[in-house]
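S.K.: I am attaching a structure below and will ask some questions about it afterwards.
The values are calculated or read from the model by the stated rules, or taken from the named source; none is laboratory data. Keep in mind that what you see is a predicted model, and the values were worked out from it rather than measured. Note that each Cβ is placed from the backbone with ideal geometry, even for glycine, and that neighbours are counted across all protein chains shown. Protein only, heavy atoms only, side chains kept; ligands, DNA and RNA dropped before computing areas. Shrake-Rupley method; radii C 1.70, N 1.55, O 1.52, S 1.80 Å.
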Amino acid sequence: MGVEHFIVALILFMLIAALIAAETRDLLSAVICIGAAGFALSVIDLLLGAPDLAITQVVVEVIALVLLVRVVLRREDTSTTDARDALRTGAVLLAGGVLLVVTFVAVGGTGADGTIPAFGAATFANPDEALPSPVSSDYLAKGPAETGAANIVMAILLDYRAYDTLGEATVIFVSILGVYVILRQVGRRKQEPVL
Amino acid sequence: MSQPGMTIIVKNTTRIIAGFIALFGVYIALTGHLSPGGGFAGGVILAAAAVLVVLAFGSGFAGRIVNEPKCHIWDGTGAMGFLVVALCGYITGGFFVNFIPIGTAHHLLSGGMIPLANLAILLKVGAGLAGAFVALSAFKYGRPRSIRRVGREL
């Protein structure tokens with residue numbers, strides 16, 4: 001129970017950080033708030049027993065933070081305009097409302113008669129022993145023997161669900177290509193070559 | 001400010017530590033099938049080493065080590081390697097079928113193709129992120145007026 005309360009506190013912290021990041025007028029503060037939210041998320045990953053995800057989250061967060069801080073500091077002024085964007089405020093309020101609804105459903109809908117499984121329970125777990133073995137417990141039981149990988153996450157990512165990983169790799173490839181294309185067009189306008 | 005990059009303290013620290021950061025990234029990726037980590041996390045750590053070098057020494061000098069053509073080549077190599085690993089599955093059955101003996105669990109040489117796939121993802125993610133950062137740091141040479149104005153409004 002203690003862990004759950006800690007996680008709820010961390011989620012509240014992330015929510016406050018995200019709201020500040022969306023509403024503050026100082027760009028550097030917004031970047032720092034985004035970083036705080038990301039690191040809180042990595043702590044949540046660690047508490048929920050997902051060290052793989054936590055490691056990835058931390059390193060990606062560090063890189064993204066360095067990149068964003070550099071981009072922000074590269075500009076002369078780090079403050080946005082004074083004009084309040086009504087659309088942005090509306091979007092923030094809408095996101096808050098969606099979060100409230102999700103929280104309400106998650107709190108009210110869990111348990112034996114709820115549609116959402118209890119906190120920490122596997123989504124694909126089969127409570128009925130008589131039925132055939134569900135897929136997730138099958139992975140857990142047979143993973144090391146079938147794939148030879150001691151880390152079950154890698155056994156699933158790169159063996160059972162390798163198609164998914166191929167798709168993710170393609171997404172990264174295409175997005176990096178997009179970055180190159182967008183920045184290359186900009187880089188051609190100057191006299192000296194890019195590096 | 002005659003020299004590009006940061007102060008001599010940062011440069012010397014980077015000179016000592018950047019290799020170890022890169023080595024740690026490779027370690028994280030190569031032991032992905034034994035302990036938490038994997039190709040993606042290792043690749044990001046590898047890119048972090050490249051980012052550190054570029055930030056400390058300035059993109060002009062660091063361009064000898066980390067530059068866009070190199071990142072393109074290694075990015076493509078990683079993507080191709082992952083596909084080749086997947087296609088090699090046809091040796092024993094089909095797409096993405098483990099074609100190497102899986103060995104003993106908890107040993108470094110286990111998991112069949114999983115370490116190979118991790119290595120390919122390491123190259124792909126590391127070179128991709130490093131290349132994106134290098135491309136971003138080309139911003140400082142100037143942007144067209146229209147893009148600069150849009151960027152200020154964001």
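S.K.: Quick one: angle between helix B:39-62 and the longest Cα principal axis of chain B, in degrees between 0 and 90, rounded to 10, please.
M.R.: Approximately 30 degrees, to the nearest ten.
S.K.: Can you list the residues in region B:23-50 whose accessible area drops by at least 50 Å² when all protein chains are present, compared with the chain alone? Use a 1.4 Å probe, heavy atoms only.
M.R.: Flagged in region B:23-50: B:P36, B:F40, B:V44.
S.K.: Right, next: With an 8 Å cut-off on Cα pairs and a minimum separation of 6 or more residues, tell me the relative contact order of chain B in percent.
M.R.: 28 percent
S.K.: Turning to a different aspect of this structure: Based on the Cβ-Cβ distance of A:S29 and A:L177, what FRET efficiency does E = 1/(1 + (r/R0)^6) give at R0 = 41 Å, to the nearest 0.05?
M.R.: 0.80
S.K.: At 1.4 Å probe size, with the rest of the protein present, what percent of the exposed accessible area of region B:8-153 is carbon and sulfur atoms?
M.R.: For region B:8-153, the apolar C and S fraction of the accessible surface comes to 73 percent.
S.K.: Please determine, in degrees from 0 to 90 and to the nearest 10, the orientation of helix B:8-30 with respect to the longest principal axis defined by the Cα atoms of chain B, where the helix direction is its Cα long axis.
M.R.: The angle comes out at about 20 degrees.
S.K.: I've got another one for you. Per residue, how much space in cubic angstrom lies within the convex hull of the C-alpha atoms of region B:14-107?
M.R.: 104 Å³
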